[in-house]
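Presented below is the structure to which this report refers.
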Amino acid sequence: MTGKQKFAMVILGVAVVASLGAAYISRSSYSEQFREAISAPPSARFWLGTDELGRDRFARLLYGTRVSLLLAPAAALLSTVIAGLIGGAAGYLGGRWERIVTAGVDLFLSLPWLFLLLAVRALLPLNTSPVMSVMITFLLLGCLGWAAPARIIRAGTRTQVNSDYLVQAAASGVSRWRLFWRHLLPNLRPILLAQFWISVPVFILSEANLGLLGLGVSEPLPSWGALLRELENYSAVLRNPWMLAPAVLLVIVVSCLQLLLRTEESAPC
Amino acid sequence: MLIRTVIALWLGAALTASAANELRFCLRADPKTFNPLLVEDENSATVRYLTGGVLIRLNRYTQELEGELAAKWKVAENGQRIDFELRRGVRFSDGTPFTCQDVAYTMHQVMDPALHSPVGDSFRSAPGDVETTCASPSTASVRFPAPVANLAAQFDQVAILSVVSPRKESAVLGPFELGEYKPGTYVLLQRNPNYWKRDANGHALPYLDSIRLEIQQNRELELLRFRRGELDIINKLDPEMYDRLSAEMPHAVADAGPSLDWETVFFNQVDSAPLPEYKRRWFRSSDFRRAISEGIRRDDIVRIVYHGHAHAAAGPVSVANRFWLNPALKPGSGSEAAALALLERGGFRRSGGTLLDSAGNKVEFSMITNAGNKLHERMLALIQQDLARLGIQLNVVVLDFPSLIERISRSFNYEAVLMAITNVDLDPSAQMNVWLSSAANHQWNPNQKTPETGWEGEIDKLMQAQNASQDPNKRKTYFDKVQQIVADQAPIVFLVNPNALSAVSANLRNVTPAVLSPQIFWNADRLQVGGSLVSQR
C-alpha cells in the first residue's frame, strides 16, 4: 500500500467514524429547525451554516454520510454480485447461454423501470418509516442496477476464457468449477471492483433523483442525494459556496475509493 | 451594390421596428383548442382572453363588471333573464358586422349538448332550452329555464362568434386575432384591425402589433430568456425565482399581493376508506382538526417557504376577494397551548413527548403531497416540526401526481393531504362543487347521498340559498355563515394564499398587475412596448 492509499484509508476512516459519531460531534439534531436562523452562513454554532428551513447543514451532512456511505455500497455490492453471476456465467458458458443473457440484458435495459419504481412507491404503506423507506430504495437500486455491469463483465469473461492460461488449464484436465472459481474469478476481480466503485456514486445520485418521484429518503432524514438536490439552485450556490460541502465530500470519498481500487488492481492473482 | 445595401438596411430597420412592437411571453404547453367555446386548459384560455370579444368583462384590477360588446345590461326575473344593449358599428376581425344574431348563435352553440362546451356548464341551471330574442340588431335578451347565479359575470367567459363569417371562430371581436401557430414552438397573435375600442384620446386600440406566445415548459429557460430580454412577461413566478430575479433586476418584478389560490390540508373522513377506526375518529373530530389548524405556524410558512410572498389564510376566501371575505375570521394562531387545549377537549392527552388518544393509541399519521413541488416539501417539513411540538408524529410522503389523485379521489387510501387549490372565480357559486356534501370535489368526504353531519347539512342549505338569491347582500350574509362554519369545523385547514408574482420587462408600459388571472396582461389592449407607439398611430 502506497502513502497515497494509506492517506485515502485515513480519510475514509475519518468519514465513517465521523458519520457514526454524528450525535457526539454535532451540536444539533439533523431535523431541528432554527427558524430564526434560516440560510445562515457558517458560524461557531453552525459550522456549515443552515439550510432554507434553518437546519444545521453540518449535522445533516454527518447523518447523511451515515445513510449514503453505508447503504450505497451495500446496493452496489448487491448489483455487482448479480451482474457478476449473470455476466460471468454468460461469458464463461458462451454459445446459446451467452446469446440468451445478452438479449435478456438488452431487454432489461430497454424496459421503463421508472414505472416499476412509481408502482412500488404507490404500493408502499404510507406510514413507512424514513429509515425503512431509504432501505427499500437502495435495495431496489441494487436489484435494478446489474444490467449494464453484467454486459462489461460478460465481455471481460469472454476475453479471459479465450486466454492461453485458461486454455492450458482446461487442457490439463482442470474441472470447470475449479477453472471458474480458482482461475477465472480472481482475474475478473479488477472488473468487478471497478463496477462496484463506479456504482457507488451512481446510486447516491440515483437516490437523489428518486426523491423527485417520492422514493428515496423522506423528511426529515438526510442523505447525500437529498443534500445534493439543493445544488439545483445555482445562484444560491454562488452566494453560499459552503452548500457545496456534500459534493466535495462525495468527490473526496469516491477519489479515495478509486485510490484503494488501484491497490486491488495491482494485487497478484 | 449600394442600392442593395440600402434596401437591406431598410428591411432590417423595418423588421426591427416590427419586432419592437411585439409582446412576447411563454405558455407552458400548446393550447388544446382555438375554439373559444371548448376551452378547458389555461393555455387555450389565454388565447381566448386575448382574441375573444365578450359582452361583459370582469375588470381584473377593480374586480367590477364592465360592459364590452354590451353597452348596457340588465338582469331580470330573479336571474332567469338578461337583456343586453349591444354596441353599434362593431365589426369582427374579418369585417363582418356584429349583431344580435351573433349573440343568439353563440348562445345556441354554448348550450348545444352535442358540443359539450365547458362554458355552457355554468349556465345549465335546469333542463330546458335557452332562448335568445332579438328585438332589434342591437338588443338581445337571453332567457334561461331557471335562475342562474351570478348571471352577468358568467358572460366573461363567452367569446361571441359570428353567425355569417366564413372564417367561423377565426373571426373574432377581441383585440387580437390568430396569425400563425407552429405546434410546440409558438402562437402568433396579430392586431385585430377592426377592434372597436379606442383610448381616451381617440387612438385605436390595441397599441401592440402582435403578441408572440412562445411554448416553453422549462421555467429556468423562461427565466433565462427573460433576463436576456427575449421575453417581456413571466406570469406566475415562484417565490424563489422572484427573489433571484429581484436581486438582479429589482424593477422587473411585480408582487400583486395575495391571489385567490389556497394551500390547504385536509383529512380523510370517507366512511369506506381503508383506515383504522381510531384514526377515522381522530379525523372526524372537529377538536382534532382545529387543533392541527391552531398548531401550524402559518407565519413561518409565509416567511420561510414563501419568502414573505404569501398571506396567512383564515378561510375559503382570500383577502384579495374584497367583497366576499368574512373579516371576522382570523388565521390559526400557531399557539401550542391553544392547540393542546383543543386536543385535551377532544380526549387526547400527552404522555412524555407523545400524544395519545383516549384509548391510548399514539397519534401518528401520514400526510401526502405531490412530488417535485419544493414549496410543498418545505411546508411539510415545517408542519412536521410544528406537530412534533404537540407530540404528534407526522410521516411525510411525496407521491407522483397521478398516484396522489388516485388516492384522494378513487381509492381514498390516505390519511391527510397537503395540496394547492387553484381558484379563478371571485363568486362563491364557483365553490358549490367543493362545499355541497353531494359534490365530487367535497374532498374530505365526497359524493354523500345525504349530509353525514349536521354542519355539512347547514352548509348545503346556506350554499343553495346564496346560489338562488340575486341580492348580493343576502348572498354575502349566507356565505359569511358558511365561512364561519368552515372555520369552526376545519374540514379543510387553509394555510396560506400565495401572492401573485410576476416579472415584467422595463420596456413594457401601462402594466397594472392584478391578483386575478391573467395578472399582467389583463389589459392587453392597452399595453405598449417602448414609449412612442401611441403617437405613431
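Values in this text are rule-based calculations from the coordinates and carry no lab data. Just so you know, these numbers come straight off a predicted model, no measurement behind them. Methodologically, a virtual Cβ is constructed for each residue, glycine included, from the backbone with ideal geometry; neighbour enumeration extends over all protein chains shown.
Against the main long axis of the alpha-carbon atoms of chain B, helix B:42-51 sits at an angle near 30°.
Pairs of Cα atoms nearer than 8 Å and 6+ residues apart set the relative contact order; for chain B it is 18 percent. Taking a point 7 Å from the Cα of residue B:322 along the Cα-to-Cβ direction, the residues of the range B:29-62 with backbone N closer than 14 Å to it are B:59-62. Which trypsin sites (Lys or Arg not before Pro) does the range B:428-480 hold that lie in a coil by DSSP with at most 15 other beta carbons within 10 Å? Filter output for the range B:428-480: B:449. Summarising the label geometry, the points placed 7 Å from Cα in the beta-carbon direction at residue B:228 and residue B:180 lie 1.9 nm from one another. Among B:517-524, A:110-117, sorting by the average number of other beta carbon atoms lying within 10 angstrom of each residue, highest first, gives B:517-524, A:110-117. With the simple model of a label 7 Å out from the Cα in the direction of the Cβ, residue A:252 to residue B:197 spans 6.2 nm.
I'd like the orientation of helix B:2-20 relative to chain B: the angle between its Cα long axis and the longest Cα principal axis, in ° from 0 to 90, rounded to 10. Between helix and principal axis, roughly 40 degrees.
For chain A, take the longest principal axis of its alpha carbons; what is the angle in degrees between that and the long axis of helix A:130-144, to the nearest 10 within 0 to 90? It works out to around 30 degrees. Distance between the C-alpha centres of the range A:142-160 and the range B:310-359: 57 Å, rounded to the whole angstrom.
Within the range A:1-69, the GluC sites (Glu not before Pro) that combine a DSSP coil assignment with at most 11 other C-beta atoms in a 10 angstrom radius are A:36. For the range B:392-472, applying the loop criterion from DSSP together with a ceiling of 16 other beta carbons within 10 Å to the GluC sites (Glu not before Pro) yields B:452.
Cα centroid separation, the range B:25-76 to the range B:215-252: 25 Å. Among B:302-315, A:11-24, sorting by the average number of other beta carbon atoms lying within 10 angstrom of each residue, highest first, gives B:302-315, A:11-24. With a 10 Å cut-off around each Cβ of A:124-130, the average count of Cβ atoms from other chains is 5.
Based on DSSP H segments of at least four residues, each scored -39500 (n - 2.57), chain B has a per-residue ellipticity at 222 nm of -8500 deg cm²/dmol. Pairs spanning more than 22 Å between alpha-carbon atoms, out of B:72/B:481; B:32/B:182; B:461/B:481; B:32/B:197; B:74/B:474: B:72/B:481; B:32/B:197.
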